[in-house]
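Read-outs throughout are calculated quantities, based only on the coordinates presented, and are distinct from any laboratory measurement. Treat the numbers as computed from the prediction; the structure is a model and nothing was measured. Don't worry about glycine lacking a Cβ; one is built from the backbone with ideal geometry, like all the others, and counts go over all protein chains shown.
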Amino acid sequence: MKSRILSISAIIVGLLFISNHHLGYSFGDDLFRWAGIPPWTQQGVYGFHLPVIAGLILLMVGIPWVSRMYRPRYPKIMGQVLIGCVVWIVLFPFVSEHVMYLVKYNASGISSVSYSKKDSKCDYRTRNETILASCQIHIYSYGNESQVAVRPLNLEIGGKMVEFERKVVAVRPRDKAQVSETFEGSVAQPDSTMSMSGGAREPGIELTVDGRSKVME
């Protein structure tokens, strides 16, 4: 009985580590950050993705383990488990989104809003001595909140830190919204020679509700 529990648990945890939910990253990413371990071996989203490596190892252990135990009774168990894993990975984003709406249905405050990196982007350009960020930001309001303050995270350009303004945007309670806004950025010592042009997919964003903020990097 203990072996069965451990083998099935290895598969479930492995799937949680490699399956992206509706916000575009996995439970494994959250767990690693909570433990103070960067999910990626290099800055940003570069290098090796540690939760995926850990998840694949657990699946490589758990799937054969389960198959060996149940094959005498179910000869096709290996194929069925593999199909089940694929179905899990495909459906997990949809399931996780609806679970959050259910769990946070009557919630309010910063815990009731979130941001989807995979559906967001920012384009940067310079106007005079101001850096402008034209962003499309995908925000979820799982509960009662109808507005949230949002801003792109600070950028370093030419050794100077650009700090972007915060804007309050309207969102629909218990729904998702695609917000299009242009944010002005400033530096402590403006320089007319400073310029920037380009874009970033999956930009870091700060959300604020009732004075409480959370950073989504």
Fill in: Folded to 0 to 90 degrees: helix 2-18 orientation relative to the chain principal axis, Cα
30 degrees
Worksheet item: Points 7 angstrom from Cα along the Cβ direction at Asn144 and Ile157: gap in nanometres?
Response: 4.1 nm
Discussion item. On C-alpha positions alone, give me the angle between the axis of helix 50-70 and the longest principal axis of the chain, in degrees, nearest 10.
Written reply: 20 degrees
Worksheet item: Which whole-number percent is the relative contact order of the range 2-103 (Cα, under 8 Å, 6+ apart)?
Response: 34 percent
Response to the item:
For the chain, whose charge dipole is built from +1 on Lys and Arg Cβ atoms and -1 on Asp and Glu Cβ atoms, the candidate among Asn128, Leu155, Trp40 with its Cα farthest towards the positive end is Trp40
Worksheet item: Bin by bin, in steps of 5 Å, what percent of the Cα pairs in the range 39-153 do you find, going until the bin that has the longest distance?
Response: 2, 8, 10, 12, 13, 14, 13, 10, 7, 5, 3, 1, 1, 0, 0
Discussion item. Let's test the formula: R0 of 35 Å, r as the Cβ-Cβ distance of Leu102 and Arg201. What FRET efficiency results, to the nearest 0.05?
Written reply: 0.75
Fill in: Cysteines not pairable in the chain (beta carbon separation under 4.7 Å absent)
Cys85
Fill in: From the C-alpha gyration tensor of the chain, square roots of 5λ in Å
41, 21, 13
Practice prompt. Please work out how much length the chain gains when fully extended from Thr182 to Val87, using 0.36 nm per residue of separation minus the C-alpha to C-alpha distance, in nm with one decimal.
Written response: 30.3 nm
Worksheet entry | Efficiency of FRET from Cβ geometry, Asp210 and Arg33, R₀ 22 Å, rounded to 0.05 | 0.40
Worksheet item: Lys117: which lysines have alpha carbons under 19 Å from its alpha carbon, excluding same-chain residues fewer than 8 sequence positions away?
Response: Lys167, Lys176, Lys214
Worksheet item: With the contact rule set at Cα under 8 Å and sequence spacing of 6 or more, what percent relative contact order holds for the chain?
Response: 18 percent
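What is the Å³ per residue value for the convex hull set by the Cα atoms of the range 2-103?
122 Å³
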Worksheet item: Hey, rough spin-label estimate for Glu129 and Arg4, points 7 angstrom out along Cα→Cβ, what's it come to in nanometres?
Response: 7.3 nm
